[in-house]
Amino acid sequence: MLDQKLNFFFKPVLKKFATILLKYQISPNQITLFSFILGIFCFIFLSLGMIYIALIFFILNRFFDGVDGTLARLKKPTDLGGFYDIISDFLIYALLPFGFILFDNNNSLSMSLLLTSFIGTCATFLTTAWIFEKNKIKIEQLSKKSFFYSEGLIEGAETIILFILMFVFYEVASFIAWIFALLCFLTAIIRVVKVSKILNSII
């Protein structure tokens, strides 16, 4: 829900940083790999209980995740780059709940449910994107507005905010994870209902 607003706010900063990288002929895929490595370090420090160091690496991971997309748009976006970016995001997001479990076994139930809810959001995200790409001509005829396939209560911005809250208030990370999981399940349901209605209307 907050993605467009935050993108508008951070876009000038990301573009300026990406422009500098472009001068040094750094590719978007290299930034994606660098971002992924930062995410791995975040997971390692989290699992060792070094919460605030992990938080710094998480913020850096998300920053460079924004940079790689901006850099790609300054050059020429590729399907391969998008492929690497999505895989990197999903793997890091999946590792973080596991890291909270390794940090504190009392988080096991809530983080396991959170991981399960991620399956719902990831599956609906990818299948919706595929379905709307396959039917994009029909969808454009149906409405003048383009369908933003990641619509839901939990998108990229909300995911980042909730993970940051889990880092900062790690004593109640389990409670935040329960709420996070519920919102993810609701997001998956919203996508299923919305896509079903639209596709039924164009059959």
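Report, by residue number, each residue of the stretch 22-33 that is within 24 Å of PHE90 (Cβ to Cβ) and either open to solvent by less than 80 Å² (accessible area, probe 1.4 Å) or touching a helix residue (DSSP H, G or I) at 6+ places or on another chain (Cβ under 7 Å) (or both).
ILE26, SER27, PRO28, ASN29, ILE31, THR32
So, in the stretch 109-121, how many residues would count as being at pLDDT 95 or above, within 15 Å of the chain's Cα centre (by Cα) and polar (S, T, N, Q)?
Number of matching residues: 1.
Would you mind finding the one in PHE17, PHE41, PHE58 that is within 16 Å of the chain's Cα centre (by Cα), touching a residue at least 12 places away in the same chain (Cβ under 8 Å) and part of a helix (DSSP H, G or I)?
PHE58
When both residues are 6+ apart or on different chains and their Cβ atoms are under 7 Å apart, which pairs have a first residue that lies in the stretch 99-112 and is surrounded by fewer than 16 Cβ atoms within 10 Å (Cβ to Cβ), and a second that is in a helix (DSSP H, G or I) and among the hydrophobic types (A, V, I, L, M, F, W, C)?
As it stands, the answer is SER108/ILE101, since those pairs meet every condition given.
Kindly indicate the residue of the stretch 164-183 that is among the aromatic types (Phe, Trp, Tyr) and out of contact with any helix residue (DSSP H, G or I) (no Cβ under 6 Å at 6 or more places or on another chain) and also nearest to LEU55 (Cα to Cα) among those meeting that condition.
Here the residue is PHE169.
Can you name every residue in the stretch 34-56 that is touching a helix residue (DSSP H, G or I) at 6+ places or on another chain (Cβ under 7 Å) and either open to solvent by 50 Å² or more (accessible area, probe 1.4 Å) or among the basic types (Lys, Arg) (or both)?
Matches in the stretch 34-56: PHE34, PHE36, PHE41, ILE53.
Do you know which residues across the stretch 65-81 are under 11 Å from ASN29 (Cα atoms) and surrounded by 15 or more Cβ atoms within 10 Å (Cβ to Cβ)?
ASP65, VAL67, ASP68, GLY69, LEU71, ALA72, GLY81
Filter the stretch 122-145 down to the residues that are at pLDDT 70 or above, more than 16 Å from the chain's Cα centre (by Cα), assigned to a helix (DSSP H, G or I) and not charged (D, E, K, R) and list them by number.
If the condition is that a residue be at pLDDT 70 or above, more than 16 Å from the chain's Cα centre (by Cα), assigned to a helix (DSSP H, G or I) and not charged (D, E, K, R), then TRP130, ILE131, PHE132 are the ones that fit.
Take ALA188 and decide whether it is buried (at least 19 other Cβ atoms within 10 Å of the Cβ), at pLDDT below 95 and under 18 Å from ASP89 (Cα atoms).
yes
Counting just the residues of the stretch 157-170 that are of a type outside the set (A, V, I, L, M) and either within 16 Å of the chain's Cα centre (by Cα) or more than 19 Å from LEU95 (Cα to Cα) (or both), which one comes out modelled with the highest pLDDT?
Among them, the one singled out is PHE163.
Test each condition in (1) more than 13 Å from the chain's Cα centre (by Cα); (2) without any contact (Cβ under 8 Å) to a residue 40 or more places away in the chain for GLY82 and report the one that comes out false.
Failed condition: (1).
The values are calculated or read from the model by the stated rules, or taken from the named source; none is laboratory data. Model, not experiment: these values are computed from the prediction. In this analysis, Cβ positions are derived from the backbone assuming ideal geometry, glycine residues included, and neighbour counts consider all displayed protein chains. The accessibility values were calculated without ligands, DNA or RNA, using every heavy atom of the protein model including side chains. Shrake-Rupley method; radii C 1.70, N 1.55, O 1.52, S 1.80 Å.
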